[in-house]
Amino acid sequence: MITRRDFLKTTSTSMAAAGSAKLDSAALWIQRSVKPVVISDYSGWEFRNGGTENAVERAFRLITEGKDVLDALIAGVNIPELDPLETGIGYGALPNADGVIELDASCMHGPKKRAGAVACLQGVRTPSLVAKAVMDYTDHHLIVGDGAQQFARAMGFNVENDLNTENSRKLWREWKRRIDPEHWLDPNGDARKPIPKHQKDPGLEAGLSMVRDGLIREGSFWGTINCDGIGPNGDICGVTTTSGLAWKIPGRTGDSPILGAGLYVDNEVGAAGSTGRGEANIYNLSSFLIVESMRRGLSPKDAGMEALKRIKDNTIEKRLLNGKGTPNFNIRFFVLNKKGDYAGVSMYRAGETKFAVCTENGARTLELEPLLTGSPEDA
Ligand code: GLY
């Protein structure tokens, strides 16, 4: 394998003979050479599905082995998608209000300027791969619902009747019991555990009460993984995959499969993706906004902060505000630019406060930079 030093030595010798055209292309090669980086939300660090690598480690390893950046990132997010313990993504995720798991995913390939997505896909553990198949094999961007499942089956994916695990089913039954205790009972007789008093949105409140009671990770309630990476030649790609909001209205689709919201990539600028309350993100097309802000020269952190501020300013409905008049939800962005600089930002330092990164120095977690002090639940 030719090293960068060998490359520079041989190209400079041959260029002397071959003239300025080669000089220009070598200069371009040098300018475009960057150190590979993979970033993701915390689920890219936490889950290993019984193996030795997490998502950012696997994606980084494959990128440095020469694999296409998007294929590497998708191989990374397949880890939490297949992990039954990760209840926000793929197999064993928290289902919709009817107890059915519906998955959303998108992917975007910077150098190819192509993207694909699926929404409300039932029965396939790895929606990120189905999104990639939409990108690779169709002229379309987004296929949803039964059509997405039929497409997956036709493309050779294994389609299962039910992606629930005993754990995800148990949590769904507990949620039913909390919103409808007259009809759904605790078989152990502990049915009189207090039901949340907030009645403005009992389904949401019951779910959040399960987060507070430690039954569900906060990150899994809106559960998503966004993973973005840059390869040594400057290729940038991204993928986002999720089961969306726990106990959602069947058919509800969040930001993850929506380009510009849950994910956006421009190979000349950078990538951004998100986790958290998808509706707030869709209203502001924040990932697109972040990439455009970086195009104007903002750093990944400043671009992410600008999007958070936009979301905060556009959140004016009382039902979405806490006692301090700021959003009563969290949202996070993971941002990478063409130089390989990166940042993780969040509305609040609350719930999951870290994000994952893998570089030549290995994988680690870093603190997200919050826009606001306090928490979504401030009275
Ligand atoms: N961000 C995930 C969702 O809202 O569906």
Pick from the range 350-379 the residues that are modelled with pLDDT under 95 and touching a Gly at 6+ places or on another chain (Cβ under 9 Å): which of them is nearest to THR64 (Cα to Cα)?
GLU352
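Here is a yes/no grid of residues against (1) more than 16 Å from the ligand (Cβ to nearest atom); (2) within 30 Å of ARG178 (Cα to Cα); (3) in the same structural domain as ASP139 (by TED's automatic domain parsing):
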site: SER40; (1), (2), (3): no, no, yes
site: SER43; (1), (2), (3): no, yes, yes
site: GLU65; (1), (2), (3): yes, no, yes
site: ILE79; (1), (2), (3): yes, no, yes
site: ALA93; (1), (2), (3): no, yes, yes
site: ILE101; (1), (2), (3): no, yes, yes
site: ASP104; (1), (2), (3): no, yes, yes
site: CYS107; (1), (2), (3): no, no, yes
Please indicate, with yes or no, whether at least one residue in the range 74-96 is out of contact with any Leu (no Cβ under 9 Å at 6 or more places or on another chain), β-branched (Val, Ile, Thr) and not in a loop (DSSP other than H, G, I, E, B).
yes
From the list ARG310, ARG319, which residue is over 29 Å from GLU57 (Cα atoms) and without any contact (Cβ under 8 Å) to a residue 60 or more places away in the chain?
ARG310
It is to be established whether one or more residues within the range 131-140 are of a type in the set (A, V, I, L, M), closer than 20 Å to ILE79 by Cβ and in a helix (DSSP H, G or I).
yes
Criterion: more than 19 Å from SER256 (Cβ to Cβ), touching a helix residue (DSSP H, G or I) at 6+ places or on another chain (Cβ under 6 Å) and at pLDDT 95 or above - qualifying residue of GLY203, GLY231
GLY231
Step by step: first the residues of the range 250-283, then only those that are surrounded by fewer than 24 Cβ atoms within 10 Å (Cβ to Cβ) and among the polar types (S, T, N, Q), then the one that is farthest from ILE236 (Cα to Cα). Which residue is that?
THR253
With (1) closer than 23 Å to VAL239 by Cβ; (2) touching a residue at least 24 places away in the same chain (Cβ under 8 Å) as the list, and LYS324 as the residue in question, which single condition is left unmet?
(1)
Please go through the range 356-370 and give me each residue that is crowded, with 22+ Cβ neighbours inside 10 Å and touching a Lys or Arg at 6+ places or on another chain (Cβ under 7 Å), ordered by number.
VAL357, LEU368
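The values are calculated or read from the model by the stated rules, or taken from the named source; none is laboratory data. Everything numeric in this text was worked out from a predicted model, so none of it was measured. Positions of Cβ are generated from backbone atoms using ideal geometry, with glycine treated the same way; all protein chains shown enter the neighbour counts.
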